[in-house]
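Q: Quick one: the structure is below, questions incoming.
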Amino acid sequence: MKSRLVASAALSALVLLGATGCTFITPQSTKTEYAASDGVNVSDADGPIDVRNALVVATEDGSVGNLIAAFVNPTDEKATLTITVAGVDPLVVTVPAGDTVSLGAGAEPLRIVGLDTKPGATVEMHFQSGDSTGVKTEVPVLDGTLPYYSDLAPSEKTAPSTPTPKPTDTAAPAPRN
């Protein structure tokens, strides 16, 4: 009788250990830091401003895009963030001390004309604030097909104006006698 009790206690211990043993060797997924959205987070240890959920919502041909992001300034002084994209004039945002600027929510998105990156790809951006050298990162480019991005998509393409050719009279002048 005693051997049955010991055997059932040992079997219970093995079942319990087998059912919970995986948690001893498996990393906890809740400790993994990630951007829980479509955008990317950019932190610069040397700069005062952190970038949260940065993404671009672009036209179908990728020529124009709107930068959507939140810029966080936890310092006691206002700070300026300069965003550089190849082939485009630098974009500049000033963030008040201890405040957040949310492009696409509390503030208008930054329009990027000459983006040259189609939705589905990424575009390299350089974020620089304060005395930092800045951080380069790949930012996703999306389109406005999802309902929550449809209002953030550029409303029209901005392209250099091209003169419209006007028809001219190509008939040769009558010969003079």
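Each value in this text was obtained by applying a stated rule to the coordinates, not by laboratory testing. Please read these numbers as outputs of a predicted model, since none were measured by experiment. Positions of Cβ are backbone-derived with ideal geometry, glycine not excepted, and every protein chain shown enters the neighbour counts.
Q: For A86 and D61, compute 0.36 nm times the residue count separating them, minus their Cα-Cα distance, and round to one decimal in nm. Kindly include the intermediate steps, with their values, before the conclusion.
A: Working: separation 25, 0.36 × 25 = 9.00 nm, distance 1.71 nm.
So the chain would gain 7.3 nm between A86 and D61.
Q: Also, quick follow-up: Between L5 and E108, what is the spin-label point distance in nm, taking each point 7 Å from the Cα along the Cα→C-beta axis?
A: 8.2
Q: While we're here: What is the extension gain from E124 to E138, computed as 0.36 nm multiplied by their sequence separation minus the C-alpha to C-alpha distance, in nm to one decimal?
A: Extra length available between E124 and E138 comes to 4.6 nm.
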